[in-house]
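The structure under discussion appears below in the form of structure tokens.
The values are calculated or read from the model by the stated rules, or taken from the named source; none is laboratory data. Bear in mind the structure is a predicted one, so any value in this text is a computation, not a measurement. As a convention, Cβ positions derive from the backbone with ideal geometry for all residues, glycine included, and neighbour counts pool all protein chains shown.
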Amino acid sequence: MICTSCYFINPSENVFCQNCGSQLPHVQSQKPSSISPLILANTLDNSSLLISRSPWEIRLDLLMPFLLVAALVFVFTLNNAYALGVLGFGLAFALYKARDIGQIINQTIPVELINKTIIAYGPANTASRFSLPTGVLYLLSDGLYFKSFDSHEDISFIHIEISFTETAVRKSGFSLFANWHEIEMNNGMNERFTFTVQNGGEWMLLMKLLRTDMMKR
């Protein structure tokens, strides 16, 4: 059980974190959800950590380039109609694409992951920081699992053992979203894998904690 405050890995029966004392997520809510936990939590015990920006932050990310273009159009043309046209198109695009991203995040758990421990999950792609999410990356107790929900993508799923994530490197820089990072890793057989995820630092920390926990066993 991952503590959402300090990311310490606790035994599943714990009520409070052994490291910081915070109440663990599976006991914080006493009311059963009317929505299937397979939809929102992507795990059977409703304790997975969702690593993603909020829907409104995603909409703002998608709208921001159009805001800049609209400002430039107004400065160079002094025409409100053109600027508002660009802004209106950008708003429609942001709402439409944010809905698509939300649908990706809220996909039901893949059948191949049923009964597996899902520590964290979030939107991801295997292309670049300048591409939208095409699937979901899952951090399992034994490694990473990427599931694509884009029929046009060559890769439909990838499973990487946790031992290979020791060589993972986060690449930061200008990207489509805020904190939208690439994580590169090599499986030791000259096969390189790249996942673009939200808040790559959090993913790197969780993978490190998981490797450390496995070494202690």
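So, restricting to strands (runs of 3 or more DSSP E) that lie completely within region 126-180, which ones have at least 1 residues that are more than 22 Å from S48 (Cα to Cα) and not basic (K, R)?
Details: elements: 135-140, 143-148, 157-161, 169-171.
Correct list: 169-171.
Once region 172-197 is narrowed to residues that are in contact with a His (Cβ under 9 Å, 6 or more places away or on another chain) and at pLDDT below 90, the residue that is surrounded by the most Cβ atoms within 10 Å (Cβ to Cβ) is S175. Please state which one of T126, T165, T117 is touching a Lys or Arg at 6+ places or on another chain (Cβ under 9 Å) and in contact (Cβ under 8 Å) with a residue 40 or more places away in the chain. Among T126, T165, T117, only T165 is touching a Lys or Arg at 6+ places or on another chain (Cβ under 9 Å) and in contact (Cβ under 8 Å) with a residue 40 or more places away in the chain. Every condition in (1) more than 26 Å from T212 (Cα to Cα); (2) at pLDDT 90 or above holds for L137 except the one numbered (1). Is it the case that region 133-147 has a residue that's surrounded by fewer than 16 Cβ atoms within 10 Å (Cβ to Cβ), in the same structural domain as T196 (by TED's automatic domain parsing) and touching a residue at least 12 places away in the same chain (Cβ under 8 Å)? Checked region 133-147: at least one residue is surrounded by fewer than 16 Cβ atoms within 10 Å (Cβ to Cβ), in the same structural domain as T196 (by TED's automatic domain parsing) and touching a residue at least 12 places away in the same chain (Cβ under 8 Å).
Which of the residues that make up region 158-206 are small (G, A, S) and more than 30 Å from A94 (Cα to Cα)?
Taking region 158-206 first, the residues small (G, A, S) are 163, 168, 172-173, 175, 178, 188, 200-201.
Selection gives S163, A168, G188.
Residues satisfying the criterion are absent from region 63-77 (criterion: free of Cβ contacts under 8 Å to residues at least 12 places away in the same chain and part of a loop (DSSP other than H, G, I, E, B)).
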